[in-house]
Each structure stands twice: as C-alpha cells, then as structure tokens.
Amino acid sequence: MIDRIAKEVFPDFEKWDAFIELNEQKVNLQNYWIKEYQRILKEKFQDEFLDWNIHFENNLNVFFYPIGYSERKSLEIWLENGFQLSFWINRELFDAERVKKLIKIELPLIEMASNEIISFNDNLFDPYLFRIQLKYNLPAYISDFNRLIYFADKGLPEEIIRIIRPILKNERILQLFKNINDQCLKIN
C-alpha cells in the first residue's frame, strides 16, 4: 500500500514539496478552526441558553453550568474533545453519593433528553459521573480529533447545540443542577 501511495500520490518532487508545506500548516489550521468553533458555538449558545454559562478549555473541550454558580464549584456538563458528553463534579467539594442519588431520581428524564441509556461510573477517584458517546449528523465518519476539527466551522457547533438543546432547555434538569449545587456541597 505505501509503495502505491509513494508512486501515485507523489510521482514528482513538486507534489511531495506541496505536501510538506501543507503538513507544516496543520497546527495553524487546527488553531484557526478551534477559534472559529469556539466563537460560533459561544454566539449560538448565548443566543439560546440564557440560564447556562459556557466555558472553553483546550481544543474542543467545553463545559456548561447554571448561571449564578462558579465553574469547578458546580455540577457541570462536559463535552470532551467533541466526542463524549458527561456530568462532572468536583469530588472534593461535593458528596458524590448524594449527587448520584439525586441524579438517579431524574435519570429517565436525562436519558430521554439525551437519547441515551446512561450507566454510572462508580470509580471514586473519577470526577465524571457518567459519559455518553455522541453521534453527529455530519457529512463524514468522524473517528478522532484530527478529523472532527475540520468541521469546527462547518456544522459542528450547530450539531453540538442540537445535541445539548434537549438537556439544557429542560427546566427540570436545570432545577436538578441547582438543587445539587445547593444541597450536595460538603462545605455549606
């Protein structure tokens, strides 16, 4: 296979040289697409979800938490590298067992909103209560960050909004987050 690529894709030095130049721009392209993704997602998010904060962390990581609460001191919904949706808590600040009990009461609602069956993570050292693999309606199969980043300004923000809308627009889920944030802190 590699011999075929070497002969057919790079039959002359000019094609190889163009490939090297383009490859050297990979990081610049990724950084550009990440900034565009964050800009577009933040604009669309702020227009639609008035009760939630949005915060970006490196690459495609983004998390959401209710307005009036602090990041890292609240139950948060995380979108990790564009592929996994999860609920996150700071286990040093929150009583994880109490949080799980409250979430389990509303689990059918969360499952219905997310369109996924959820199983809890029982690892005491993992801050993620559960993770959901996302399925996008994008025009190509997406298997990793390098492929997903291409869609950062070509439909990915809209797909993320489509996926999180049923969760963040649900008043019972918002109230659940507020109740957990108010009732499950170890230090009140």
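The values are calculated or read from the model by the stated rules, or taken from the named source; none is laboratory data. Quantities reported herein were computed from a predicted structural model and do not represent experimental measurements. Ideal geometry is used to build each Cβ from the backbone, glycine not excepted, and the neighbour counts take in all protein chains shown.
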**Q.** Among residues of the range 37-61, those that are more than 15 Å from Arg162 (Cα to Cα) and among the β-branched types (Val, Ile, Thr), counted
**A.** 1
Q. Just checking, which of Tyr65, Tyr69 is in contact with a Ser or Thr (Cβ under 9 Å, 6 or more places away or on another chain) and either outside any helix (DSSP H, G or I) or surrounded by fewer than 13 Cβ atoms within 10 Å (Cβ to Cβ) (or both)?
A. Tyr65
Q: Check off (1) surrounded by 11 or more Cβ atoms within 10 Å (Cβ to Cβ); (2) at pLDDT 85 or above for Lys7 and give me the number that stays unchecked.
A: (1)
Q) Quick check: anything in the range 32-53 in a strand (DSSP E or B) and touching a Leu at 6+ places or on another chain (Cβ under 9 Å)? A) yes
Q.
So, in the range 72-83, how many residues would count as being surrounded by fewer than 17 Cβ atoms within 10 Å (Cβ to Cβ) and more than 11 Å from the chain's Cα centre (by Cα)?
A. 2
Q) Applying the selection to the range 39-58, what residues are of a type in the set (S, T, N, Q) and surrounded by 18 or more Cβ atoms within 10 Å (Cβ to Cβ)? A) Asn53
Q: Give me the pairs, please: first residue somewhere in the range 19-46 and over 15 Å from Asn58 (Cα atoms) and at pLDDT below 90, second residue anywhere and among the charged types (D, E, K, R) and assigned to a helix (DSSP H, G or I), beta-carbon distance under 6 Å, and either six or more positions apart or on two chains.
A: none
Q.
Need a quick list: helices (runs of 4 or more DSSP H) entirely within the range 87-172 having at least 2 residues that are at pLDDT below 75.
A. 107-114
Q. How many of the residues in the range 3-57 are touching a helix residue (DSSP H, G or I) at 6+ places or on another chain (Cβ under 6 Å), under 30 Å from Gly68 (Cα atoms) and not β-branched (Val, Ile, Thr)?
A. 8
